[in-house]
Amino acid sequence: MKLYLRINSLALIIILGLTLMCYSQRKVVTVYNPKSNTLYLELFGNSINYYVIGYDKIFCIAPNNRIAAACGFSWLPKVRQDGITKLNFSPHVSYLYGQRHFLEVGTGLTYEVYEKTTAIPLRLGYRFQPDDGGFYYRIHLTPIFGETKFIHLSALMIGGMAFGITF
């Protein structure tokens, strides 16, 4: 009888031990990987020329916090009487808060190649950018600080908008 109880007890312990090692549900690991590349056309805003064609890359810190780095250029042929062409480069960085609908706060630098002048634009605005890619747009206020030979300014408040494709 004692042997029978020991065998039953040992069998019960083995069966219970095996069930502890079996999982009834799989652990699901979700990877947050939104589309982060954008090609866009910006009207007014970051550049003193009237438009910017640019590329934007988002780096996720957390689902609601992101950093966007972008660089764009604009070109206007012979805008002055002396026939000077304007070519601007506009790198900038922004902090984004939200998902799909973002509050955007950022700064950058606008460099005019031929005149060798710079301006510092700030940015405060709204950005719509879906995580799964597609249409992108942005509306923002952009105060620009600096002075160029083409436009004499110390501070200029300008608004801008951009639209493009996220992939």
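None of the figures in this text is laboratory data; all of them are computed from the coordinates on show. All values reported here derive from a predicted model rather than from experimental measurement. When we count neighbours, we look across all protein chains shown, and the Cβ atoms used for this are built from the backbone with ideal geometry, even at glycine.
Per-structure values
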| item | result |
| --- | --- |
| Share of Cα-Cα pairs in the chain lying beyond 20 Å, as whole percent | 59 |
| Mean Cβ neighbour count within 10 Å, used as a protection proxy, ranking 40-51, 95-106, 121-132, 2-13 highest first | 40-51, 121-132, 95-106, 2-13 |
| Taking the C-alpha atoms of the range 86-167, convex hull volume expressed per residue in Å³ | 87 |
| With Cα atoms, 0 to 90° folded angle of helix 2-21 axis to the chain main axis | 10 |
| For T117, residues with placed amide H under 5 Å, excluding near neighbours | E112 |
| Charge tally in the Cβ shell below 14 Å around L124, where Lys, Arg are +1 and Asp, Glu are -1, L124 excluded | +2 |
| Residue-span extension gain [R100 to A69] - 0.36 nm each, minus C-alpha spacing | 9.5 nm |
| Reachable aspartates and glutamates, given that their alpha-carbon falls under 18 Å from the alpha-carbon of K78 and they are not under 8 places away in the same chain | E112, E115 |
| Average Cα contact separation per residue, the range 37-166, under 8 Å, 6 or more apart, as relative contact order % | 23 |
